[in-house]
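Below: the structure, in structure tokens.
The values are calculated or read from the model by the stated rules, or taken from the named source; none is laboratory data. Keep in mind that this is a model prediction, so the values were computed, not measured. FYI the Cβ positions are ideal-geometry reconstructions off the backbone, even for glycines, and counts take in every protein chain you see.
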Amino acid sequence: MPSMKGKIMHIQMQCCGIILMMVLLFFYTRQKRISLNTERAFLRAFCLNLFCIILDIASIIVIYQRERLPGWVVDFVCKSYLVTLVGVALCSLLYICVDIYVRKEDYRKAVRRYELITLGDAVLVYMLPIYYQFDEDGTTFLVTYGPSNLVAFWVAIAFLVANFFLMKKEKNKINPRRREAVLTWMVVWVSAAMLQYCYNRILVLGFACSIGMAVLYLKLENPETNLDRQSGMFNHGALVQYVRQLYSEGAEFSVLAVIFERSFRRNMTRGQLEAMKMEIVEYLLTIQDVFIFKNAEDEVLLVFRDAVRAEEETRSLLSRFDEGWGEDRRFYIRPYWISIPDANVISNVEDMLYLIRDIRQDSRDFSDDSFFHVDRQKAEEMYRKKRTEQLLLEAMEKDWVEVFYQPIYSTKEHRFTSAEALVRIRDEEGNIVPPGAFIEVAEQNGMILKLGEMVFEKVCRFVKLNNIRQYGLHYIEINLSVVQCSYEQLAEDYISIMERYDIPSEFINLEITESASMEEKRILLNNMKSLMDYGVKFSLDDFGTGQSNLNYIVDMPVNIVKFDRDMINAYFENGKAKYVMDAAMHMVHGMNLEIVSEGIETKEQYETMEELGISYIQGYYFSKPLSEPQFLEFISGSC
Ligand code: C2E
Ligand code: MG
Ligand code: MG
């Protein structure tokens, strides 16, 4: 009987591999996981690797015991080892496929295809003969060979090559860390196979399998990387992966976001605050049937697979927050709640996070109890906003921004003496998009700064190129949004643009509206001061809309007050409003300021305004806002 001595060391190597894998498995199974498809693919590969090493040892043992065992048992064990070896190569391929085939159906199809090949391989391996090679004295087993071996070898190689090409072809779809980890695993595996092939006394393949798995575990699949260490909840990365998977599977799920921002009372000590946060986290972690995540903005997101459970838990969470926290339950926390009962009103994880961020930033969306419900209508609103953002971005990049001009008539000079510059953008089809569709969005995301500057520059160019004085125009009015006015650099930027175009500052009149906060007002006044020192004049826009009140005129060093269309309409429709406008008019005139009446559409309105002594009239009665060439034609025909 051949001695087992020569092989003892190699079995020890496989045993080391098994121990390593058992240790990894111990840690892996003890951690909290979110049942991602990649986790399942990894676990499948892991178990098959473990099984492969066990069969590796078993095959060596049965070969040395072959005289005591029936021949078919020895063949069966050795062939099973070969089949698992191919299975390991298959698993690495499927692991990559999780990233490539995002749709569940596509992934299943790929799995079925590769499993069928493996099945065919297994049938051939079991049917074809296998031979055993020993050294010259017949005591030490060297290697198995024969057709069975060859089939397993070539199929394994084919899987490895397919894996390699898929990684190259679908580079952009695969998580770069996964690509790197699988490549490392393949290098370890192929090097071990070659080493074993060249020096068939060194049976290292099994051990290499375990090292490969350790690489995948450490680089990618350590469940701890999905955890927020401080709270024990899943982290942002895990949230993105998990929700992305749910969307790709077309699963039904509900989300509840809890936003603690600003809800912690300031009169707590740091210790009390930390203890209370811990208490809340512990409470949240006791909720059943839910995965809890803490996202990049420190919000807590609860993802439920069952809408009914989501509703129940939301109700009990809300009532828990009606009670206090901390010692004696004396601290009350009022977070914002965003509930998305049917997450499928949104189509992907990025949009979901965008929506949550958007709602959080716009606290107007919250009802009194700070609870916001996302339904299909809200989701559609969000998509409209996103489309507007994209359109704006593209329009600014491709210079699809245009300035229209609406002439302003002077009742004293009986001709047009100024115009208001009004921004428009053109969409891809060349249609004009009015500012009502995008100014608010631009203000919310800060794009208004760039857009406003583009408008200002275009007006300066227009003034420069057309010498507006020849048309009898004294100045152009340009709108400034509150966001622009609260930008510290505004005056500096605008002055440098005027200098660049070398236009006299008296041609520019900036329209401001009322700023909400004291801080905004302070910055606005600073900007106004610098620009006025340079020679620019100001108008107060939207007077009579609630945006601008009488006190504001007193505070703001403006030359002109623009009466809004709503106020003018009210004047003609409502007896009482007449008195309000009369009083406002007397006050404004008393302060030696001029008035522009906006939105004058009829002759009757025009005549009334003229009788009232309003200096300037703007409205469709004279002209709608016109494109540059149309405006030049209009104004040259009228002067
Ligand atoms: P606004 O500054 O009060 O401008 C007057 C708006 O009333 C313009 O709408 C104008 O077309 C419209 N209008 C004028 N006369 C009549 C009329 O007789 N009847 C009716 N129905 N409407 C009339 P537009 O161009 O759609 O602009 C809307 C608002 O968008 C502006 O109100 C202004 O607040 C903002 N906006 C426009 N251009 C800019 C810009 O370049 N920058 C900033 N920040 N805001 C702008
Ligand atoms: Mg205006
Ligand atoms: Mg206005």
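Things worth noting here:
- Test: residue in segment 453-469 that is under 26 Å from GLU598 (Cβ atoms), more than 16 Å from ligand 3 (Cβ to nearest atom) and assigned to a strand (DSSP E or B): no
- Search result, residues across segment 415-443 that are more than 12 Å from ligand 2 (Cβ to nearest atom), touching a Pro at 6+ places or on another chain (Cβ under 7 Å) and farther than 12 Å from VAL401 by Cα: PHE416
- Condition met for GLU389 (loosely packed, with under 13 Cβ neighbours inside 10 Å and at negative phi): no
- Exactly one residue out of TYR552, TYR487 is surrounded by 18 or more Cβ atoms within 10 Å (Cβ to Cβ), aromatic (Phe, Trp, Tyr), within 16 Å of ligand 2 (Cβ to nearest atom) and not in a strand (DSSP E or B): that is TYR552.
- Pairs where the first residue, in segment 1-20, is at pLDDT 50 or above and the second is of a type in the set (Asp, Glu), C-beta under 6 Å, 6+ apart: GLN14/ASP56
- Enumeration of residues in segment 180-221 that are over 27 Å from THR144 (Cα atoms) and free of Cβ contacts under 8 Å to residues at least 24 places away in the same chain: LEU183, LEU218
- Here VAL536, VAL588 are screened, and the one residue that is within 16 Å of ligand 2 (Cβ to nearest atom), over 18 Å from TYR409 (Cα atoms) and at pLDDT 90 or above is VAL536.
- Scanning segment 586-618 for residues being crowded, with 19+ Cβ neighbours inside 10 Å and either part of a helix (DSSP H, G or I) or on the phi > 0 side of the Ramachandran plot (or both) gives a total of 4.
- Flag if ILE476 is touching a residue at least 24 places away in the same chain (Cβ under 8 Å), within 16 Å of ligand 2 (Cβ to nearest atom) and under 30 Å from GLY637 (Cβ atoms): yes
- Extreme residue, surrounded by the most Cβ atoms within 10 Å (Cβ to Cβ), among residues of segment 268-296 that are over 19 Å from ILE34 (Cβ atoms) and touching a strand residue (DSSP E or B) at 6+ places or on another chain (Cβ under 8 Å): ILE280
- Within segment 479-521, considering residues that are more than 36 Å from the chain's Cα centre (by Cα) and of a type in the set (Phe, Trp, Tyr), the one nearest to MET556 (Cα to Cα): PHE507
- All positions within segment 291-316 that are outside any strand (DSSP E or B) and under 16 Å from the mean Cα position of the chain (by Cα): ASN295, ALA296, GLU297, ASP298, GLU299
- Residues of segment 420-452 satisfying the condition of being part of a strand (DSSP E or B) and either within 8 Å of ligand 1 (Cβ to nearest atom) or under 19 Å from ILE497 (Cβ atoms) (or both): GLU420, ALA421, LEU422, VAL423, ARG424
- Annotation for segment 555-572: at least one member residue is in a helix (DSSP H, G or I), more than 16 Å from ligand 1 (Cβ to nearest atom) and of a type outside the set (S, T, N, Q).
- Residues that are among the basic types (Lys, Arg), in contact (Cβ under 8 Å) with a residue 60 or more places away in the chain and within 22 Å of THR118 (Cβ to Cβ), drawn from segment 146-179: ARG178
So that you can scan it fast, the table gives a plain yes or no per residue for (1) within 17 Å of TYR471 (Cα to Cα); (2) without any contact (Cβ under 8 Å) to a residue 40 or more places away in the chain:
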| site | (1), (2) |
| --- | --- |
| LEU392 | no, no |
| GLU402 | no, no |
| SER410 | yes, no |
| PHE416 | yes, no |
| GLY430 | no, yes |
| GLU440 | no, yes |
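- Residues located in segment 557-579, provided they are away from ligand 2 (no atom under 15 Å from the Cβ), surrounded by 14 or more Cβ atoms within 10 Å (Cβ to Cβ) and either over 21 Å from GLY619 (Cα atoms) or among the hydroxyl-bearing types (Ser, Thr, Tyr) (or both): TYR571
- Residue that is nearest to ligand 3 (Cβ to nearest atom) [pool: residues in segment 516-539 that are surrounded by 12 or more Cβ atoms within 10 Å (Cβ to Cβ) and hydroxyl-bearing (Ser, Thr, Tyr)]: SER539
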